[in-house]
Protein chains: 2
Amino acid sequence: MTSALFRALFAPRGIALYGASGDAEKNTARPQRYLRKHGYAGTIAPINRARREVLGETAYPSLAAAPGEIDHAFVMVPPGDVPAACDECFARRVPVVTIFTDGFGETGAAGRKVEDALVAKARAAGVRLLGPNSIGLVSTSPATALTVNASLEIERLPVGSLAVVSQSGSLIGALLSRGAARGIGFSRLVSVGNEADLSVGELLELLVDDAQTKAILLFLETLRDAERLARAARRAFAAGKPVIAYKLGRSSAGEALARSHTGALAGDDRAADAFLAACGVLRVRSFEGLIESALLALGQRPPQGKRVAMMTTTGGGAAVVADPLGAAGVELVAPPHGLGRRIRALGVRVTDSPLIDLTLAGTRASVYGPVLEALLASDHSDAVLAAVGSSAQFYPELAIEPILAARRAHPAKALAVFIAPEAPASLELLARAGIAAFRAPESCADALAAFCAWRAPRIPPHADSVPAARSAEALFAALGIPQAPTQRLRTADDPIECPFPVAIKIASPDIEHKTEVGGVELGLRDAHEATAAAKRVLERVRAARPQARIDGVIAASMQTGLGEAILGYRHDVQVGPLVLVGAGGTLAEVYRDFALRIAPVSLEEAREMVAEVRGFASLAGLRNAPRGDLEALARAVVAFSRLVTRPEVVEAEINPLLVKAAGEGVVGVDALLVLRG
Amino acid sequence: MTSALFRALFAPRGIALYGASGDAEKNTARPQRYLRKHGYAGTIAPINRARREVLGETAYPSLAAAPGEIDHAFVMVPPGDVPAACDECFARRVPVVTIFTDGFGETGAAGRKVEDALVAKARAAGVRLLGPNSIGLVSTSPATALTVNASLEIERLPVGSLAVVSQSGSLIGALLSRGAARGIGFSRLVSVGNEADLSVGELLELLVDDAQTKAILLFLETLRDAERLARAARRAFAAGKPVIAYKLGRSSAGEALARSHTGALAGDDRAADAFLAACGVLRVRSFEGLIESALLALGQRPPQGKRVAMMTTTGGGAAVVADPLGAAGVELVAPPHGLGRRIRALGVRVTDSPLIDLTLAGTRASVYGPVLEALLASDHSDAVLAAVGSSAQFYPELAIEPILAARRAHPAKALAVFIAPEAPASLELLARAGIAAFRAPESCADALAAFCAWRAPRIPPHADSVPAARSAEALFAALGIPQAPTQRLRTADDPIECPFPVAIKIASPDIEHKTEVGGVELGLRDAHEATAAAKRVLERVRAARPQARIDGVIAASMQTGLGEAILGYRHDVQVGPLVLVGAGGTLAEVYRDFALRIAPVSLEEAREMVAEVRGFASLAGLRNAPRGDLEALARAVVAFSRLVTRPEVVEAEINPLLVKAAGEGVVGVDALLVLRG
């Protein structure tokens, strides 16, 4: 079931080309050349005031003059001429206009304005835009190679079932060419450019309904319109079409350490991780893993665990995969007793190592095949890795046939094959049989790790709504998170009622880091000490920040706990509401030791989050340390995640949140609340 | 200048084969087939009591019967027959015996005993052993393909200047085949097996003197005879032959968290890191990076910094390299002002982004070449990355020629080329011209990061010798590391002389983790509190560990500092003396936040180590926190590293070592010393 939009994008009856060059050497001649080269069967109408013909096709002075059904216009004219070209398309209500030209929203405010105006006019005309700054798209069947990407010089389009949606134009070519060389084919490849109108999410939706597409690969530089992307990813999951993403931005991580609040902690690539995981998207971290892992996930549902069984004829060849696989947190599992016995009966030495090494002797099909079948049939693992040695290089059929046969007999279990030598023919044989095959051990480990981490899209739990409150204290009290008793003192001499010992802190909306200006004193045991401290604090802060507004000081009962946590909530502009729990203290930001999820979360998810934070190890009983109340901490995470019901809350944080002994709860010491507007 | 040993290994005049099969299909027929297939010109003497001829060569009933100069014997007989075969070789004093047969030291004590006996006999006879459990070796010129590795089915040996020494036999084949497919050739490839006699280090020495070898690649599973390896690596460095290592074992890291002492912290893969870096060895983390990075380092000396300049015609293609490169800590640098202007004059848009993106328009040689030349000529970077798009796939000569020309004009600067599409012909053109070319962005980033981290072999500083001492306290005092005043109390009622407040800790040689048994009380303000605490401690520990020897309690003056560190020293069985400094506290082991070096270290190195520990950020002034005395900490590291002069010290640790305010020094609170025997 494909929509009119889908057909206009991928199977247009006629295509108008703005700016098509008559010089076949020029980049702007490519779409026309590629369309014909790869057998596009519809009308091609170059729009050119000066010429009657372009590369053998009749040219027209304007779109109005072009005959027939034009479903798609492709615009390559200079930026200044784009609006006029689009106006012609809007006037004729061409269903889709793809703008190759760049120099719009990506260049700044002026370009953004022109782009916004184009979108507004398109919407008014009922026309959809792809781009600007899109290198175009490719559909393999029916063949529609409507792109400037030079990878289309390829002899034949690699027809297949993978779709690619990419925020990088040039990389659709890199993926196409790498797939083609490996026997991996594509249904559609789209470069989304600036996503002024058609977004990654909407294209994903369209591809879910495309019968020729069985898995969808996303090359992402950023996340735009995450809500729609999330919806589309859920639909893809429901339709049994795995969505696999490669996303840039891992190394910006190091840059975001500047500030202490959740914003900085959550604003990095790990928010994207949390988002993609919640949508049921597999995230790979290697470029080739993007195409290679598709066959690993195709036809599969998310696994129960993270257990990989391994067999090989080359010990070293398996080790180079096992090493990064283990580092990625995947568990390598030895065969259980009964299975081990059956494999031993085939003449294979089985130890308690997770690796079943058949050695050179095991290259015989009579050994390799049955061992692989036994592993595929067993439920002690979530995926099987088979490594193959030199035989795959010189006798591809002989080396690969036992794998194909074992696969046919046991099609259900996820299977990855790593080939140690250079063996393109064997890689291709495997891919053509639908088996995930890898030439780099690291991308094999990456794909297996992504597969093992794959889970169904998250069903957000119900979140009880939170009553509105103006202060952080009132809001967090309404959430049921205990906080240290505090009291505002207008002057240093106000009587103190909250229990001693107390801390004295400056109260000022203008001072973010209080300790830096001498605005905090701790451990004050009685009223006498506290009053003296309050005076000192006020004096120091007034000297250090004469311009700051000062609302007196806060006295806060000092609390003790077994450990410190940070609890954060943020409505992220890219991915939406996030809840965070991490190790507290100054070093929280240094170690970036936190767990992040899309809010709200269930108690079970909150427990998972707490378990992910390495710094809570001692609170969980490491080295017989007294246990902290991590259950209360998990409940506090759930409570904090309910802030999603208060749309005015942009950001909230409790840091530190002290974790007391098991059964004694948690208590917040310092809080931050940022409201909209 | 090659030695007799080198010639017997790689250019033997005659080779005896024990266990050579007359069935060409059998694995044991391979060495004979491969030797002849690849043009071995010397004598081949199959030793076979039952046959007069094997695969067309005259066979002999014993080695004694074989005529001519036999420089090398290759043994493939069953394990039980190996000693007899070797005895024949020892009797004839064949210079080198390579044992393919496995089932010796790698299987356990019994196999180790047989192996040791073989080595002893070989030594007595002046014969050298390669293996056992070696798949053999390959020399490309003169051609000597003396191996069971099936990769030698290859049509022609890829002759070149890279040598491979591998602890995995099968992977010499994987490297050979991957190199051959890429236009990368080899001089020698050796599988060392169990290294019963000839070690990686000794082979490395031999290859330093081999005129045909220009770089040496090590595939390591472990480190054996590190001292010899270190010496050989230094010689290789002095000879201008880069040594590049891939070492397994990264993921065992997670397993070694069990114990708190330095042993566990240092016993992991990071000790190998410290060792290889100190030897001037480049360490790569991707398998293909091992062969690909050789051309990056060849002809180079270690760089000054970690700065990479990047240019591309495909933004996405560069980003997929830049992302992992940034994550690896490499700095991507934009061109300085003057250079930026010159590049702009070529019609290229230069921003303050570190990436010079020529876009599609820049594929012209008239742009690509001059920009690359300008980057290669500039000294603002330590290496240049050039990314190439689709043109490399379809027009390899056109796309690659400007790179070759720029390289010829500027041969000095390190250059890496990443090709975004599948483009084997372009990769090969580059490799044949000696330019490092990469097909996976991750291994490109890996190789560049390894290159940027490459430093000359370390010159160990002089270490003043430390006087012998029986107790940790006395030893560390002799090193000039202040320690908290302590006092042994035989009974709880002994008068306490060390300054209050104090901590009371159980004194027992049998109790490692004192807090686990209630053996510690802190913050005791006077004699009354301390005495009561000492009684409780003794009572609890006697109840919890009735069998433990108890020597009373220790009273220790409580110390305060701005932060905690851990200081460790260990004579590692693999890599030798190591000194460690890390963030202290319970979480030290959780975050594994420490720096490690081969001991002794200079003050400058110690400062570098302190700067590497992320947890010291607050002591270094993060968020205006008061600065700690990190200079005193660095001096303590230097002092601790002098333990290398006390050979009886196996392990030493101060944890915690409190770091006081700047200028106020450090003080050790708890110490551990393990002496030999």
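The values are calculated or read from the model by the stated rules, or taken from the named source; none is laboratory data. The structure displayed is predicted, hence computed values, not measured ones. Every residue, glycine as well, gets a Cβ built from its backbone with ideal geometry; the counts of neighbours run over all protein chains shown. Please note that ligands, DNA and RNA were not included when accessible areas were found on the heavy atoms of the full protein model with its side chains. Shrake-Rupley method; radii C 1.70, N 1.55, O 1.52, S 1.80 Å.
Brief remarks on what is shown
- Restricting attention to the stretch A:185-204, the residues being over 15 Å from A:VAL138 (Cα atoms) and more than 17 Å from the chain's Cα centre (by Cα) number 5.
- Qualifying positions in the stretch B:83-105 - touching a residue at least 12 places away in the same chain (Cβ under 8 Å) and more than 33 Å from the chain's Cα centre (by Cα): B:PRO83, B:ALA85, B:CYS86, B:ASP87, B:GLU88, B:CYS89, B:PHE90, B:ALA91, B:ARG92, B:ARG93, B:VAL94
- Residue in the stretch A:261-281 that is modelled with pLDDT of 95 or more and within 13 Å of another protein chain (Cβ to nearest Cβ) present: no
- Some residue of the stretch A:593-610 being touching an Asp or Glu at 6+ places or on another chain (Cβ under 7 Å), without any contact (Cβ under 8 Å) to a residue 40 or more places away in the chain and not basic (Lys, Arg): yes
- Scanning the stretch B:33-62 for residues that are over 35 Å from the mean Cα position of the chain (by Cα) and assigned to a helix (DSSP H, G or I) gives B:ARG33, B:ARG36, B:LYS37.
- The criterion of at least 3 residues that are more than 12 Å from chain B (Cβ to nearest Cβ), in contact (Cβ under 8 Å) with a residue 40 or more places away in the chain and buried (at least 20 other Cβ atoms within 10 Å of the Cβ) is met by the following strands (runs of 3 or more DSSP E) wholly inside the stretch A:358-447: A:383-388, A:414-419.
- Meets criteria (over 26 Å from B:SER199 (Cβ atoms) and of a type outside the set (Ser, Thr, Tyr)) for B:ALA84: no
- Screening the candidates B:GLY131, B:GLY169 for the property of being touching a strand residue (DSSP E or B) at 6+ places or on another chain (Cβ under 8 Å), free of Cβ contacts under 8 Å to residues at least 40 places away in the same chain and of a type outside the set (A, V, I, L, M) yields one hit, B:GLY169.
- Members of the stretch A:123-172 found to be touching a Phe, Trp or Tyr at 6+ places or on another chain (Cβ under 6 Å) and over 29 Å from B:PRO396 (Cβ atoms), listed by number: A:ALA125, A:VAL127, A:PRO132
- Residue tally, condition surrounded by fewer than 13 Cβ atoms within 10 Å (Cβ to Cβ) and within 16 Å of A:GLN32 (Cα to Cα), over the stretch A:50-72: 3
- For the stretch B:284-303, a tally of residues being among the hydrophobic types (A, V, I, L, M, F, W, C) and open to solvent by 10 Å² or more (accessible area, probe 1.4 Å) returns 2.
- Checking the stretch B:338-352 against the condition returns no match, with no residue being touching a helix residue (DSSP H, G or I) at 6+ places or on another chain (Cβ under 7 Å) and within 14 Å of chain A (Cβ to nearest Cβ).
- Elements of the type helices (runs of 4 or more DSSP H) sitting completely within the stretch B:519-623 and holding at least 2 residues that are more than 14 Å from chain A (Cβ to nearest Cβ), out of contact with any strand residue (DSSP E or B) (no Cβ under 8 Å at 6 or more places or on another chain) and open to solvent by 40 Å² or more (accessible area, probe 1.4 Å): these cover B:527-544, B:603-612.
- Looking only at residues of the stretch A:17-49 that are hydroxyl-bearing (Ser, Thr, Tyr) and closer than 27 Å to A:VAL159 by Cα, we find that the one that is most open to solvent (accessible area, probe 1.4 Å) is A:THR43.
- Being within 31 Å of the chain's Cα centre (by Cα) and among the basic types (Lys, Arg) holds for only one residue in B:ARG349, B:ARG270, B:ARG341, B:ARG364, and it is B:ARG270.
- Scanning the stretch B:304-330 for residues that are under 18 Å from B:ALA399 (Cβ atoms), open to solvent by 10 Å² or more (accessible area, probe 1.4 Å) and either in a helix (DSSP H, G or I) or without any contact (Cβ under 8 Å) to a residue 12 or more places away in the chain (or both) yields a count of 1.
- Some residue of the stretch B:646-656 being within 14 Å of chain A (Cβ to nearest Cβ) and surrounded by fewer than 24 Cβ atoms within 10 Å (Cβ to Cβ): yes
- Restricting attention to the stretch A:657-677 and to residues that are open to solvent by 50 Å² or more (accessible area, probe 1.4 Å) and assigned to a strand (DSSP E or B), the residue that is farthest from A:MET558 (Cα to Cα) turns out to be A:LEU675.
- Meets criteria (small (Gly, Ala, Ser), open to solvent by less than 50 Å² (accessible area, probe 1.4 Å) and in a strand (DSSP E or B)) for A:ALA503: yes
- Every residue from the stretch B:335-353 that is part of a loop (DSSP other than H, G, I, E, B) and of a type outside the set (A, V, I, L, M): B:PRO335, B:PRO336, B:GLY347, B:ARG349, B:THR351, B:ASP352, B:SER353
- Scanning the stretch A:461-474 for residues being under 32 Å from the mean Cα position of the chain (by Cα) and open to solvent by less than 80 Å² (accessible area, probe 1.4 Å) gives a total of 4.
- Hey, B:VAL638 assigned to a strand (DSSP E or B), touching a Leu at 6+ places or on another chain (Cβ under 7 Å), closer than 27 Å to B:ALA474 by Cβ and open to solvent by 30 Å² or more (accessible area, probe 1.4 Å) or not: no
- Counted residues, the stretch B:142-162 - those being more than 7 Å from every other protein chain (Cβ to nearest Cβ), over 28 Å from the mean Cα position of the chain (by Cα) and open to solvent by 10 Å² or more (accessible area, probe 1.4 Å): 6
- The set of residues in the stretch A:572-587 that are on the phi < 0 side of the Ramachandran plot and in contact (Cβ under 8 Å) with a residue 40 or more places away in the chain comprises A:ASP572, A:GLN574, A:VAL575, A:PRO577, A:LEU578, A:VAL579, A:LEU580, A:VAL581, A:GLY582, A:GLY584.
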